[in-house]
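A.B. asks: The structure follows.
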Amino acid sequence: MSEPIGPTQQFYTRWARLYDLVAVQTPGIGSIRTAAVDLLDPQPGDTVVEMGCGSGANLSLLRDRVGPEGRVIGVDVSPGVLSVARKRVDRNGWTNVHIVRSDATQPPVDSADVDCLFASLVVAMFDAPAGVVDDWAELVGPGGRLGLMDLARSSHPRARVLNGLFRRFVTYANPRSVRQSTAPLSTLDRRVAAAHKRLHERCSDAQSETRALGFARLSAGTVD
Ligand SMILES: C[S@@+](CC[C@H](N)C(=O)[O-])C[C@H]1O[C@@H](n2cnc3c(N)ncnc32)[C@H](O)[C@@H]1O
């Protein structure tokens, strides 16, 4: 990619190291990531593509599941987080984990090679998330696995008081283009719901779970 970088890439480049801390060390986030990868259920020897891999917080979980015979390909547009992800790969000596700079809506990946596609905290960044999930379903093809993990507002009675904190988190943990939109939380909720709904439409065996009092949404299934 040689075109100038946009606001999302600038944000995830400027704040890459801080983002990595939040992505890895936020209390409870590790168990949510593990549950999402468990639901995706990659098998030993599989090739998993992680769209919008960011700083690589899921890479070790995915690599553990595919084993030494499998492959993990992390795709992201933002140079800063990609650099953190590459350092993580180098530091751990993971020779079967590859980091690629590309737009997740047009990944340079041969569909014949992909067994599973995973995206965590990414679909809400797209204007048309259901269409992106459709494209990802085409990429993995029938029999391939799709998995999503996202955060959105919770309707759980015990979570109501926390929705205010969540609003602040969304406001400050996103690029200015999202922060300045008139209704960032409604947009987030709508996009997450649309993406997970489309995954269910494309995968008749799809399963969904919630974690963290309903703030975390996990879905996975096998493409029909
Ligand atoms: C909230 S972060 C999530 C990172 C990682 N998946 C995680 O769980 O920590 C969103 C990521 O999506 C990436 N992203 C946004 N739009 C993208 C696009 N069109 N193609 C590829 N990556 C994109 C950003 O660069 C950022 O790294």
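Read the figures in this text as sums done on the coordinates, not as results from a lab. Fair warning: this is a prediction, and the values are worked out from it, not measured in the lab. With ideal geometry, Cβ positions are generated from the backbone for all residues, glycine too; neighbour counts draw on all protein chains shown.
A.B. asks: Whole angstrom only: what separates the Cα centroid of region 117-154 from the Cα centroid of region 64-110?
C.D. replies: 17
A.B. asks: Further, regarding this structure: Restricting to region 7-222, compute how many DSSP beta bridges are antiparallel as a %, nearest 5. All intermediate terms of the calculation are to be shown ahead of the outcome.
C.D. replies: Numbers: 12 of 30 bridges.
Roughly 40 percent of the beta bridges in region 7-222 run antiparallel, per DSSP.
A.B. asks: Using the Kirkwood formula on the Cα atoms of the chain, what hydrodynamic radius do you get, in angstrom to one decimal? Each step should come with its number before you reach the end.
C.D. replies: Numbers: mean 1/r = 0.0572 Å⁻¹.
With all distinct Cα pairs of the chain included, I get 17.5 Å.
A.B. asks: Explain nothing, just compute: Karplus ³J(HN,Hα) = 6.51 cos²θ - 1.76 cosθ + 1.60, θ = phi - 60°, for every residue of region 37-51 in order, whole Hz, x for Gly and Pro.
C.D. replies: Running phi through 6.51 cos²θ - 1.76 cosθ + 1.60 with θ = phi - 60° gives 5, 4, 5, 5, 6, x, 9, x, x, 5, 9, 10, 9, 9, 7 Hz.
A.B. asks: Between 175, 157, 129, find the one with the highest GNM mean-square fluctuation for the chain; connect C-alpha pairs within less than 10 Å.
C.D. replies: Fluctuation is largest for 157.
A.B. asks: Still on this structure, I have one more. Arrange the peptides 50-62, 142-154 so that the one whose residues have, on average, the most other Cβ atoms within 10 Å appears first.
C.D. replies: Working: 50-62: 24.5, 142-154: 21.4.
Per-residue Cβ counts within 10 Å, averaged per peptide and sorted highest first, yield 50-62, 142-154.
A.B. asks: Comparing 195, 85, 128, which has the greatest mean-square fluctuation in the GNM of the chain with Cα pairs linked when under 10 Å apart?
C.D. replies: Result: 128 has the largest fluctuation of those listed.
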